[in-house]
1. Please enumerate, by chain and number, the aspartates and glutamates with C-alpha under 16 Å from the C-alpha of LYS17, excluding those fewer than 8 residues away in the same chain.
2. When the chain is treated as a GNM, springs tying every alpha-carbon pair under 10 Å, which of ILE87, ILE68, ILE20 comes out with the largest mean-square fluctuation?
3. Considering the dipole of the chain built from charges on the beta carbon (Lys and Arg +1, Asp and Glu -1) around the Cα centre, which of THR179, PHE127, GLY89 is farthest to its positive end?
4. At most 13 other Cβ atoms within 10 Å and a DSSP loop assignment: could you name the GluC sites (Glu not before Pro) in the stretch 96-186 that fit?
5. Where the only charges are on Cβ atoms (+1 Lys, Arg; -1 Asp, Glu), what is the dipole of the chain about its Cα centre, to the nearest 20 debye?
6. Which aspartates and glutamates have a Cα less than 15 Å from the Cα of LYS173, not counting those fewer than 8 places away in the same chain?
7. Please build a GNM for the chain, connecting alpha carbons under 10 Å apart, and tell me which residue among ASP24, ASP65, ASP129 fluctuates the most.
8. Can you send over the carbon and sulfur percentage of the accessible area for the chain, probe radius 1.4 Å, protein chains only?
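The values are calculated or read from the model by the stated rules, or taken from the named source; none is laboratory data. Being a predicted model, the structure only gives us computed values, none of them experimental. With ideal geometry, Cβ positions are generated from the backbone for all residues, glycine too; neighbour counts draw on all protein chains shown. Areas reflect the complete protein model, heavy atoms only, side chains present, ligands, DNA and RNA absent. Shrake-Rupley method; radii C 1.70, N 1.55, O 1.52, S 1.80 Å.
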Amino acid sequence: ISFYDASGQRLRYAECKLTIYQPDCSWEVYNVDDSGDTATSVGKYSSLEFDLYHVPHIAYQYVRDSTIDVSGVKYATFVGSAAGNCIDGGSWDCEFVTEKGYTQEFGAYTSLDFRQFPNWDEPVIAFYDGGDGSLEVAVREDEGNRCSNEDWSCTMVDNSGDMGRFTSVHAQKDMYDRTMIAYYDS
């Protein structure tokens, strides 16, 4: 489970570990990303997905509440014991995908899935742009429109009014499949 811890303004991950000899699992909870800054929250609208190798990944929103509000999308990948860059001693690598100023709703309602065709385990993140009232998609690839992070490509999918809250993305799995997104049209 990935979730936002409002009291700490941070992203957390919980997993229930079960061994063959235990009747019940035991829950372990980890801090994934924490800005350490009371003006910044990370982890709202988290979306957890596992890749083909069963490695957990999380897409989520961050908001920096300052003179100019800035919000955006981040992406975390589990890398193992104390090898991550999100927090000191953490087990997750985090990267900024894209951000926008003058809004606290850019990157809200994230949904993550992995495209298996034409490339394996390519993350696809659908999210809401509250500044423009539109649905957007970010894909880690070398071509297309650039996100704030040039390793990602961002595309506006629907901007015909206030579109894109409560997204749910299904990424292409084979050559006969298509990427599909369900979302709210206000």
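1. Cα-Cα hits under 16 Å: GLU28.
2. Of ILE87, ILE68, ILE20, the Gaussian network model singles out ILE20 as fluctuating most.
3. Among THR179, PHE127, GLY89, the one farthest towards the positive end of the dipole of the chain is GLY89.
4. In loop regions of the stretch 96-186 (DSSP not H, G, I, E or B), the sparsely surrounded GluC sites (Glu not before Pro) are GLU143, GLU150.
5. Its charge dipole is roughly 300 debye.
6. Within the straight-line limit of under 15 Å, LYS173 reaches these aspartates and glutamates: GLU49, ASP51, ASP113, ASP121, GLU122.
7. ASP24
8. Ligands and nucleic acids excluded, carbon and sulfur reach 49 percent.
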